[in-house]
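What follows is one structure encoded as structure tokens, with my remarks underneath.
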Amino acid sequence: MIRLSGIERVFRVGEEEVHALRGIELEIARGEYLSLMGPSGSGKSTLLNVIGLLDRPNAGRYELDGRDVTGLDDDELSRARREKMGFVFQFFHLVARLTAAQNIELPMVLAGIEPGERKQRLARLLSAYGLEARAHHRPDQLSGGQCQRVAIARAMSMGPSVILADEPTGNLDRHTGQEVMAVLERVHHGGGSLVLVTHDPEIGARAQRRLRMVDGAIVGDERG
Amino acid sequence: MRLADTLGFAWQVVRGYRARTLLILLAMGIGVAAVVAVSSIGEGARLYVVNQFGSLGTHLVVVLPGRSETAGAMPGVLIGKTPRDLTIEDALALKRSPAIRRLAPLIVGAGDVRVGARNRETPVLGSTSELMDIRHMAMAQGQFLPPGDPRHSQPVCVVGAKVATELFAGRSALGEWLRVGDRRFRVVGILATQGESLGFNTDEIVIVPLAAAQALFNTEALFRILVEAKSREQIAIAQSDIEEILRERHEGKREVTVITQDAVLATFDRILRALTLAVGGLAAISLAVAGILIMNVMLISVTQRRHEIGLLKALGATGANIRLMFFTEAVLLALGGALLGLAVGKLGQLFIGQLFPSIPFTAPWWAVIAAPLTAIGTAVLFSVAPARRAARLDPVRALSKR
Ligand SMILES: Nc1ncnc2c1ncn2[C@@H]1O[C@H](COP(=O)(O)OP(=O)(O)OP(=O)(O)O)[C@@H](O)[C@H]1O
Ligand SMILES: [Mg+2]
């Protein structure tokens, strides 16, 4: 369902060109769980952003669910993102003045979903991620693990086909990290694909498919 | 994104950034309040002048002999020659018009007024009993000229207060005789001090019956005919009736000029209205300043909130969504500021009204509508740049730690 071929991403920094991605060839099937590891600066986040339609490659072709999305304009990309992609970030990225419930609701609000329908989905998400008691708390009143659960619930609110998580446990202690991983994997069991960027080999090893990146290129692709 | 949600989101932002919201509300409020207060002072001045004129008898129509080329000139400023005189018969014929309540023919001259050995040169007015009501004159003592046929006269007169004290030197003038030229008149009334009327100081005049003045100055010609219409609405009818009747009597020639005080008043009204508009416009400049403040604050806000904006885009917000959010926020702030400003302006107006109770301060309707609309307009206009900057933010860079 995701097919990348010949993807290049070049950043210009002053006179210099930084090749963040070089000649990426990658296919991800529906429902796949894959981890992406590699040294700092190897292009993991950049690849995730390209897959998540947040960033455009300089060259190459990206097919999503059989449709070429390489040439979409900003608004088409926005709509494709909210229909198909769910993001989970290292720094949670919750809106500080909104409550947990309002944060979870945000993608549905942006998509213009009816308030009635929103309430139903919100109730399901709050109970699925064990956040009912925290629904009306603001992010600064929540623990790191709870914040990340809110972020995951938010990523799931539009029923995406791909969840993209960039070091979701990077800001959490080991125990909470395990908890969050369990939640993410449950999402994957629900049928969506999960792409996980991590520095933690133990966490990376839990995925069925493990990619390794060095210097903007995919150098390893293990399964099983 | 639904409109209600956009509104709700903007409301959250407005509530979330208290200091910023207060600052903008204050700037907008001051602008709107300034427009309302300043324009209500102008409007108050206008109404004051109009009312003052009204109390002088706005239903007044003045008929002058001769055709004036400058219609609407003040009475007394007359350009053009007199081909044929206005007569008492002309004046009496005007009574046919149903739009006319009363009229007073007027002859003016200068007379040597003497009592015993004292004498004094004063303006002498010849008129009828109705002059008193038309000019809203009041008596200090005695009566005005007696009513009756203006073609015949009794030897009586009414004098101004200063004339009475100077000629009679402390004695009561009422009932005494005085001499104007070679004729004797008995003083039947003394005018209350009124100030200027018809260009004369009423303290310094002597009023005699019309026929007596005609004999005194040896003329049939009237200086003016003062006409009072039945109501403000009837002024125009009275004016055309007068022209019609006099044209008939003068063999179809238009030989008179008819001036309404309304025309003079209308000029004042226009000038003061323009003035109010001008000062209101000046005050509106403070709204533009408030607009620039909004733009700055919004630009800062885009920088501060770049993480949030980037996040919204990552979560599927389109550029249009983001722009609309910023406009909604600006409109909410402007609306709040406008309401605040209207309230403060109203309070200011009441306060000034307490200081000058005789002037009717009221904000003109156009200021009450235009000030908030200008506030909202400037707010939207000046948030275009910040909104566009926000909508163009690259989500990856906005979200990165860098
Ligand atoms: N916006 C940018 N402008 C310039 N260079 C960039 C930009 N984004 C990324 N890069 C460069 O591209 C390369 C890949 O960066 P990327 O963030 O994808 O690495 P990463 O594998 O996610 O690293 P880390 O593990 O530290 O998060 C790096 O050399 C980085 O400096
Ligand atoms: Mg990274």
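The values are calculated or read from the model by the stated rules, or taken from the named source; none is laboratory data. Owing to the predicted nature of the structure, the values given are computational and were not obtained by experimental measurement. Positions of Cβ are generated from backbone atoms using ideal geometry, with glycine treated the same way; all protein chains shown enter the neighbour counts. Each accessible area value is taken on the protein alone, full model and side chains, heavy atoms only, with ligands, DNA and RNA left out. Shrake-Rupley method; radii C 1.70, N 1.55, O 1.52, S 1.80 Å.
If one takes the longest principal axis of the Cα atoms in chain A, at what angle in degrees, from 0 to 90 and to the nearest 10, does the Cα axis of helix A:144-156 lie?
So the helix axis and the longest Cα principal axis differ by about 80 degrees.
Which value, in debye to the nearest 20, describes the size of the charge dipole of the protein assembly as shown about its Cα centre when Lys and Arg Cβ atoms bear +1, Asp and Glu Cβ atoms bear -1, and nothing else is charged?
780 debye
Would you mind telling me which residue in B:Ala338, B:Ala45, B:Ala221 has the biggest mean-square fluctuation in a Gaussian network model of chain B, where springs connect alpha carbons within a distance under 10 angstrom?
B:Ala221
B:Leu23 accessible area, nearest 10 Å², 1.4 Å probe?
For B:Leu23, the solvent-accessible surface is approximately 80 Å².
Take the Cβ-Cβ distance between B:Asp149 and B:Thr267 as r, set R0 to 45 Å, and report the resulting FRET efficiency rounded to the nearest 0.05.
0.75
Starting at the first residue of the range A:29-35, write each ³J(HN,Hα) from the Karplus equation 6.51 cos²θ - 1.76 cosθ + 1.60 with θ = phi - 60°, in whole Hz, x for Gly and Pro.
Using θ = phi - 60°, the values come out as 7, 4, x, 6, 10, 10, 10 Hz.
About the Cα centre of the range B:84-254, what is the dipole size in debye to 20, counting +1 per Lys and Arg Cβ and -1 per Asp and Glu Cβ, all else neutral?
Once rounded to the nearest 20, the dipole reads 280 debye.
Give the angle, between 0 and 90 degrees and rounded to the nearest 10, that separates the Cα long axis of helix B:18-55 from the longest principal axis of the Cα atoms of chain B.
Roughly 10 degrees, rounded to the nearest 10.
Using θ = phi - 60° and the Karplus relation 6.51 cos²θ - 1.76 cosθ + 1.60, list the HN-Hα couplings for the range B:106-123 in order, rounded to whole Hz, with x at every Gly or Pro.
After applying 6.51 cos²θ - 1.76 cosθ + 1.60, I find 9, 10, 10, x, 10, x, 8, 9, 9, 10, x, 8, 7, 8, 6, 8, 9, x Hz.
Just to confirm the filter: which trypsin sites (Lys or Arg not before Pro) across the range B:137-172 are DSSP coil and have at most 14 other Cβ within 10 angstrom of their Cβ?
B:Arg151, B:Arg171
Would you mind pulling out the separation of the Cα centroids of the range B:236-279 and the range B:365-382, in Å?
38 Å
For the range B:264-278, just list the computed ³J(HN,Hα) in residue order, Karplus coefficients 6.51, -1.76 and 1.60, θ = phi - 60°, integers in Hz, with x standing in for Gly and Pro.
5, 4, 4, 5, 4, 4, 5, 4, 5, 5, 4, 5, 4, 4, 5
Where the only charges are on Cβ atoms (+1 Lys, Arg; -1 Asp, Glu), what is the dipole of the range A:85-171 about its Cα centre, to the nearest 20 debye?
So the magnitude is around 200 debye.
If I compute solvent accessible area with a 1.4 Å probe over the protein chains, what percent of it on chain A is carbon and sulfur?
47 percent
Evaluate peptide A:84-93: per residue, the Cβ atoms of other protein chains within 10 Å of its Cβ; return the mean as an integer.
Mean inter-chain Cβ contacts per residue within 10 Å come to 3.
Obtain the nm distance between the two label points defined at A:Asp173 and B:Leu92 by a simple spin-label model: each point lies 7 Å from its Cα along the Cα-to-C-beta direction.
Inter-label distance under the simple model: 11.9 nm.
Between the range B:1-15 and the range A:109-132, what is the separation of their alpha carbon centroids in Å?
Taking the Cα centre of each part, the range B:1-15 and the range A:109-132 sit 18 Å apart.
Just read off the accessible area of A:Cys147 with the full protein assembly in place, 1.4 Å probe, to the nearest 10 Å².
The accessible area of A:Cys147 comes to roughly 10 Å².
Given a 1.4 Å probe and the protein chains all in place, what does the accessible area of B:Met1 round to, in Å² to the nearest 10?
We get 50 Å² for B:Met1.
Quick one: ranking A:Lys119, A:Lys84, B:Lys230 by accessible area, 1.4 Å probe, largest first, what do you get?
From most exposed to least exposed: A:Lys119, B:Lys230, A:Lys84.
Quick one: with all protein chains in place, what share of the accessible area of chain B is carbon or sulfur, to the nearest percent (1.4 Å probe)?
Answer for chain B is 60 percent, counting heavy atoms of protein chains only.
For chain B, what does the relative contact order come out to in percent, with C-alpha contacts under 8 Å and a separation of six or more?
30 percent
Given R₀ = 41 Å, FRET efficiency for B:Arg254-B:Glu204 by Cβ-Cβ distance, to 0.05?
Between B:Arg254 and B:Glu204 the formula returns 0.70.
Run the simple label-point estimate for A:Ala96 and A:Asp73 please: 7 Å along Cα→C-beta, distance reported in nm.
3.6 nm
Considering the options A:Tyr33, A:Leu72, A:Gly23, tell which one lies farthest towards the positive end of the dipole of chain A, charges being +1 on Lys and Arg and -1 on Asp and Glu at the Cβ, about the Cα centre.
Checked the options; the winner is A:Tyr33.
Pairs to check: B:Lys230/B:Lys346; A:Lys44/A:Lys119; A:Lys119/B:Lys313; A:Lys84/A:Lys119. Give those whose C-alpha atoms are more than 28 Å from each other in this structure.
B:Lys230/B:Lys346; A:Lys44/A:Lys119
Using DSSP loop states and a limit of at most 13 other Cβ atoms within 10 Å to flag GluC sites (Glu not before Pro), what is the longest stretch of chain B containing no flagged site?
B:252-402
Can you grab the distance from the C-alpha centre of the range B:119-187 to the C-alpha centre of the range A:149-197, Å, no decimals?
108 Å
Write down the percent of antiparallel bridges among all DSSP beta bridges whose residues are both part of the protein assembly as shown, to the nearest 5.
Approximately 70 percent, going by the DSSP bridge assignments.
Using a Gaussian network for chain B with springs between C-alpha atoms less than 10 Å apart, which of these wobbles most: B:Gly348, B:Gly281, B:Gly252?
Result for chain B, Cα springs under 10 Å: B:Gly252 fluctuates most.
Taking a probe of 1.4 Å, how large is the accessible area per residue of the range B:235-357, in Å²?
46 Å²
Using a 1.4 angstrom probe on the protein heavy atoms only, line up A:Met158, A:Met213 by accessible area, largest first.
So, going from the largest accessible area down, we get A:Met158, A:Met213.
Pick out, in residue order, every one of the GluC sites (Glu not before Pro) in the range A:10-93 that is DSSP loop and has at most 15 other C-beta atoms within 10 Å; say none if there are none.
A:Glu15
Can you sort B:His250, A:His136 by 1.4 Å-probe accessible area, starting with the largest?
In descending accessible area the options line up as A:His136, B:His250.
What are the equivalent ellipsoid semi-axes of the range B:226-269, built from the alpha-carbon gyration tensor (square roots of five times its eigenvalues), in whole angstrom, biggest first?
22, 12, 7
Points 7 angstrom from Cα along the Cβ direction at B:Gln354 and B:Tyr48: gap in nanometres?
1.9 nm
When chain B is treated as a GNM, springs tying every alpha-carbon pair under 10 Å, which of B:Ala138, B:Ala91, B:Ala19 comes out with the largest mean-square fluctuation?
B:Ala19
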